[in-house]
Amino acid sequence: MLVEINPNNIDSRLIQQAVESLKKGGIIIFPTDTVYAMGCDLYNKKGLNELARLKNVKLNKANFSIICSDISNLSEYVKQIDRPIFKLLKQHLPGPFTFILTAANEIPKLFDSNKKEIGIRIPDNEIILEVVRHLGNPIATTSLHNEDDQIMDYFADPYTIYEKYDEEVDFIIDGGYGRLEASTVVDCTSGAPEIIREGAGQLIV
């Protein structure tokens, strides 16, 4: 199902449809402030397993990030953040970054793994932030492309995404044409922030 949502005039009924899909374990594709991404409810095991299947990995090997709606509720999902790192997050989020932080104890259980880190995204995109707010908790997310893929037009064009993924996922949000650049990934787990992938965001330290 492809649903068009105007980012400047968001229809909350359509947001609620996406949320209902997530609650049932569905996978949605949505716009961010970079390329389009796919995701599921972080607390729905059916959704997590399906997201892993779509990426051709086992859940315990998956490298998913989570999208939060606000920096203030990060403490539920990551261990205590040092003041300089918190300041860095506050300065850059919402924005086109994935910050890798030390995961709180419940995160490995959700992913059936012993992963110690989790990527945190707060995209500067009101559509997906509204979905997360209405859901009431983060969504687990991954990009449509694989790490070694060149980012092609079909990762940014909602109609091409629909043609490619309609039978694979439950709900596709058309929020307009996306960007052809992924987020900048910043590892904050060892004290000083380290850029491990240059992307759309420009880090100011």
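T102 is checked against (1) touching a residue at least 12 places away in the same chain (Cβ under 8 Å); (2) out of contact with any helix residue (DSSP H, G or I) (no Cβ under 8 Å at 6 or more places or on another chain); (3) within 23 Å of P31 (Cβ to Cβ); (4) not in a helix (DSSP H, G or I) and fails just one. What number does that condition carry?
Unmet for T102, out of (1) touching a residue at least 12 places away in the same chain (Cβ under 8 Å); (2) out of contact with any helix residue (DSSP H, G or I) (no Cβ under 8 Å at 6 or more places or on another chain); (3) within 23 Å of P31 (Cβ to Cβ); (4) not in a helix (DSSP H, G or I): (3).
Go through the stretch 20-64 and give me each residue that's assigned to a helix (DSSP H, G or I), free of Cβ contacts under 8 Å to residues at least 60 places away in the same chain and in contact with a helix residue (DSSP H, G or I) (Cβ under 7 Å, 6 or more places away or on another chain).
N49, A52, L59
Only one of (1) farther than 19 Å from Y165 by Cβ; (2) surrounded by fewer than 17 Cβ atoms within 10 Å (Cβ to Cβ) fails for V57. Which number is that?
All conditions are met except number (1).
Would you call S12 in contact with a His (Cβ under 8 Å, 6 or more places away or on another chain), of a type in the set (S, T, Y) and within 15 Å of V132 (Cα to Cα)?
Yes.
Does any residue of the stretch 65-76 turn out to be farther than 15 Å from P138 by Cβ and either surrounded by fewer than 19 Cβ atoms within 10 Å (Cβ to Cβ) or among the β-branched types (V, I, T) (or both)?
no
In the stretch 106-137, how many are over 11 Å from the mean Cα position of the chain (by Cα), assigned to a loop (DSSP other than H, G, I, E, B) and among the hydrophobic types (A, V, I, L, M, F, W, C)?
1
Do the conditions hold for D124, that is, is it touching a Gly at 6+ places or on another chain (Cβ under 8 Å) and more than 20 Å from Y36 (Cα to Cα)?
no
FYI, it's all coordinate maths here, none of it is from the lab. Remember, predicted model here, so these are calculated numbers, not experimental data. Cβ atoms come from the backbone with ideal geometry, glycine included; neighbour counts cover every protein chain shown.
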